[in-house]
Amino acid sequence: MKSLKENFQKAHIVIIGSGIIGKFNALELSELGFQVTIIDPTQLQNSSNAALGLLMGNMYQKRRGRSWDLRKQSIELWPQWITFLQKFNCELNIEKPLIQLTTDEEKFKKLEKFVYENNDQNLRILERDSIFIKNINKAFQATNIKGMISFKDGRINPFSLLQTLDKYLKHKKVNYLQGEIIKIRKSNNQWISTTRNNENIKSDMVILCNSLKAIDLIDSLSHNIKLKPVLGQAMEIDVNDAEVDLLSLPKQFNINGKNIIPKSKNKLIIGSTDEYSTKPEENTFEKLTNFLDKKPNWLMKGKISKKWYGIRSRPDGEPSPIMKNLEDGLIICTGFYKNGILLAPACSKWVANEIKNYLY
């Protein structure tokens, strides 16, 4: 009798979308022995390229429900996947810890309550004189920044992660087709994905991981799924001030909703996710640097050396993300909002289990 893995090799799965979710599904499924084809018109314009790679899981304050279950599972799975992927990139790792800060006294009291009630040794409150944020208050010329730290959360460099996944998928001989799928249909127990150039790709299953475009490929009458566009944007800022050493700051932290990642002594990245936009406003610098009552001089004088954005999707009327078995052989896995990298391991495991249950 043949093993399950040998049987899986006969099954062909098409993944539409080559962002972090699409590639992670391909990783999980190819490890199980499936034949996998990823289809995407361009890898460089998907929303994963605007990700900062922050893994904000253990400090998530709603510790119940599906969202927390997915986070909890992913937090446990990520170290295992990093160890596995280091065979293809020895420098890939999770930079820890992650710090969440606020200047709002009411929000700080909520953080205090959360840490106290959960009694989690990986979470700690940071008062303004804490060694972890002393340099932050000094650099940002503030006295009222405080918050919490999670020693279990951190950051994966998204560019490095995507490159590593590409190396792995190439090693596993996962097919990559550079085409836009405009229609999917089922015929004789097989799925047929049709490209704009009228090429048909046959498969046993289709997984939709193409963000907003996923709903264009399904029957809206049968599947009432709605997605809203959400803008993720970031910029790299050069700081020309001899008195400021950005490397004295933590490796990643968040102040009042803005994510900050120091890159060198005089360079940092600031990013955030904005609700329901599709294009950055012209005053991006003002918007992304306006997270304190008063900006420090070095930040006001900073120059943008690079900026980028990506359109993400957020479910309208239901929780994020959307993970559903729409019909036999058709799965949708999208609408991750700003948690695609964090939730990729748990969601790909869910997809793999759905496929195993369907095929065998």
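What to note about this one:
- Residues of the range 157-181 that are in a helix (DSSP H, G or I), among the hydrophobic types (A, V, I, L, M, F, W, C) and open to solvent by less than 80 Å² (accessible area, probe 1.4 Å): 161, 162, 165, 169.
- Candidate set: the range 266-295, residues that are part of a strand (DSSP E or B) and touching an Asp or Glu at 6+ places or on another chain (Cβ under 7 Å); chosen: the one least open to solvent (accessible area, probe 1.4 Å): 269
- Taken over the range 326-357, the criterion of being under 19 Å from residue 215 (Cα atoms), outside any loop (DSSP other than H, G, I, E, B) and open to solvent by 10 Å² or more (accessible area, probe 1.4 Å) is satisfied by 326, 327, 340.
- Once the range 296-324 is narrowed to residues that are part of a strand (DSSP E or B) and among the aliphatic types (A, V, I, L, M), the residue that is nearest to residue 141 (Cα to Cα) is 304.
- Filter result (assigned to a helix (DSSP H, G or I), open to solvent by less than 80 Å² (accessible area, probe 1.4 Å) and basic (Lys, Arg)) within the range 56-106: 71
- Members of the range 226-248 that are outside any helix (DSSP H, G or I), within 24 Å of residue 309 (Cβ to Cβ), touching a helix residue (DSSP H, G or I) at 6+ places or on another chain (Cβ under 8 Å) and open to solvent by less than 50 Å² (accessible area, probe 1.4 Å): 227, 229, 232, 233, 234, 235, 237, 239
- Scan the range 262-285 for residues that are within 20 Å of residue 300 (Cβ to Cβ), under 23 Å from the mean Cα position of the chain (by Cα) and of a type in the set (Asp, Glu) and the total you get is 1.
- Evaluation of residue 304 against (1) out of contact with any Asp or Glu (no Cβ under 9 Å at 6 or more places or on another chain); (2) open to solvent by 50 Å² or more (accessible area, probe 1.4 Å); (3) of a type in the set (A, V, I, L, M, F, W, C) (one fails), failing number: (1)
- Within the option set 98, 29, 54, being more than 17 Å from residue 252 (Cβ to Cβ) and among the hydrophobic types (A, V, I, L, M, F, W, C) holds for one residue only, 29.
- Residues in the range 8-26 that are modelled with pLDDT under 95, out of contact with any helix residue (DSSP H, G or I) (no Cβ under 7 Å at 6 or more places or on another chain) and not charged (D, E, K, R): 3 in all.
- Close pairs (6 angstrom Cβ cut-off, 6 or more residues apart or separate chains): under 18 Å from residue 105 (Cα atoms) and hydrophobic (A, V, I, L, M, F, W, C) in the range 134-146, in a helix (DSSP H, G or I) and open to solvent by less than 20 Å² (accessible area, probe 1.4 Å) anywhere: 145/136; 145/137
- Yes/no for residue 201 being of a type in the set (A, V, I, L, M, F, W, C) and assigned to a helix (DSSP H, G or I): no
- Every pair of residues 6+ apart whose Cβ atoms lie under 6 Å, when the first sits in the range 107-133 and is open to solvent by less than 100 Å² (accessible area, probe 1.4 Å) while the second is outside any helix (DSSP H, G or I) and among the aromatic types (Phe, Trp, Tyr): 122/151; 126/132
- Within the range 182-198, the set of residues being more than 16 Å from residue 327 (Cα to Cα) and surrounded by 12 or more Cβ atoms within 10 Å (Cβ to Cβ) comprises 182, 194, 195.
- Test for residue 106: is it modelled with pLDDT of 95 or more and out of contact with any strand residue (DSSP E or B) (no Cβ under 8 Å at 6 or more places or on another chain): yes
- Residue 206 meets all of the listed conditions (1) open to solvent by less than 70 Å² (accessible area, probe 1.4 Å); (2) farther than 20 Å from residue 321 by Cα; (3) touching a residue at least 60 places away in the same chain (Cβ under 8 Å) but one, namely (2).
- The set of residues in the range 267-285 that are over 19 Å from residue 335 (Cα atoms) and in contact (Cβ under 8 Å) with a residue 24 or more places away in the chain comprises 267, 268, 269, 270, 271, 280, 284, 285.
- Residue match in the range 141-156 (condition: out of contact with any Phe, Trp or Tyr (no Cβ under 8 Å at 6 or more places or on another chain), among the hydrophobic types (A, V, I, L, M, F, W, C), assigned to a strand (DSSP E or B) and surrounded by fewer than 17 Cβ atoms within 10 Å (Cβ to Cβ)): no
The values are calculated or read from the model by the stated rules, or taken from the named source; none is laboratory data. All values derive from a computational prediction rather than experimental measurement. Glycine also receives a Cβ, built like all others from the backbone with ideal geometry; neighbour counts cover every protein chain displayed. With ligands, DNA and RNA removed, areas are computed over all heavy atoms of the protein, side chains included. Shrake-Rupley method; radii C 1.70, N 1.55, O 1.52, S 1.80 Å.
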